[in-house]
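Since the structure comes first, as structure tokens, the remarks are kept for the end.
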Amino acid sequence: MSRKLIDLWVGFFVVMGIAALLFLALRVGNLSSANFAETYPLTAKFDNIGGLKVRGPVKSAGVVVGRVTEIRFDPETYEAVTMLTIDSRYRFPKDTFASILTAGLLGEQYIGLDAGGDEKMLKAGDVIAKTQSAVVLEKLISQFMFNKASEGTDKK
């Protein structure tokens with residue numbers, strides 16, 4: 001085999017390796033799921049968003065139906081306001097329930113949408129009225145420890 005042909009094959013494999021690394025970096029960074037389909041915005045307000053991040057998934061029945069596009073703090077109501085973009089293929093009733101859930105025990109947090117039974121559908125710019133904040137593991141542990149400590153003092 002000639003030297004030029006070997007150099008060509010080596011160059012081809014180097015380019016394929018770089019492309020594979022770029023693909024993996026985008027997957028890990030959750031950027032490869034850029035969706036260029038039409039979307040519509042929704043807003044949801046939570047008392048506590050835990051570790052929810054921008055670009056976090058919005059799921060319904062385990063299927064990603066959108067993304068979190070913005071998180072901000074409302075100084076008047078002292079709530080976290082999240083802006084969601086939902087794929088326009090998916091429509092949800094007005095009484096849809098949004099909750100912040102965790103994938104696995106210590107996994108990433110996402111917004112789960114549970115569809116209600118209302119006949120009217122959410123439109124672009126609507127606010128999801130029914131929300132449930134994130135369960136913060138530290139609070140649960142401290143409540144458990146406090147309850148166990150108070151049980152020990154009650155028996156005296």
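The values are calculated or read from the model by the stated rules, or taken from the named source; none is laboratory data. These numbers come from a predicted model, not from an experiment. Heads up, the Cβs are rebuilt from the backbone with ideal geometry, glycines too, and the neighbour counts pull from every protein chain shown. Side chains included, ligands, DNA and RNA excluded: accessible areas come from the protein's heavy atoms. Shrake-Rupley method; radii C 1.70, N 1.55, O 1.52, S 1.80 Å.
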Do we find a residue being assigned to a strand (DSSP E or B), of a type in the set (Lys, Arg) and either touching a His at 6+ places or on another chain (Cβ under 6 Å) or free of Cβ contacts under 8 Å to residues at least 12 places away in the same chain (or both) anywhere in the stretch 68-86? yes
Residue that is nearest to Asp95 (Cα to Cα), among those in the stretch 57-74 that are of a type in the set (D, E, K, R) and surrounded by 12 or more Cβ atoms within 10 Å (Cβ to Cβ): Lys59
Val54 being of a type outside the set (Gly, Ala, Ser), under 21 Å from Gly125 (Cβ atoms), within 13 Å of the chain's Cα centre (by Cα) and exposed (fewer than 14 other Cβ atoms within 10 Å of the Cβ): yes
Output yes when any residue across the stretch 10-27 is open to solvent by 70 Å² or more (accessible area, probe 1.4 Å), out of contact with any His (no Cβ under 7 Å at 6 or more places or on another chain) and either among the hydroxyl-bearing types (Ser, Thr, Tyr) or assigned to a loop (DSSP other than H, G, I, E, B) (or both), and no when none is. no
Please work out if Thr77 is crowded, with 17+ Cβ neighbours inside 10 Å, under 13 Å from Asn48 (Cα atoms), among the polar types (S, T, N, Q) and modelled with pLDDT of 90 or more. no
Given the options Leu106, Leu113, name the one that is surrounded by 11 or more Cβ atoms within 10 Å (Cβ to Cβ) and either touching a Cys at 6+ places or on another chain (Cβ under 6 Å) or of a type outside the set (S, T, N, Q) (or both). Leu113
Test each condition in (1) open to solvent by less than 30 Å² (accessible area, probe 1.4 Å); (2) in contact (Cβ under 8 Å) with a residue 40 or more places away in the chain for Thr96 and report the one that comes out false. (2)
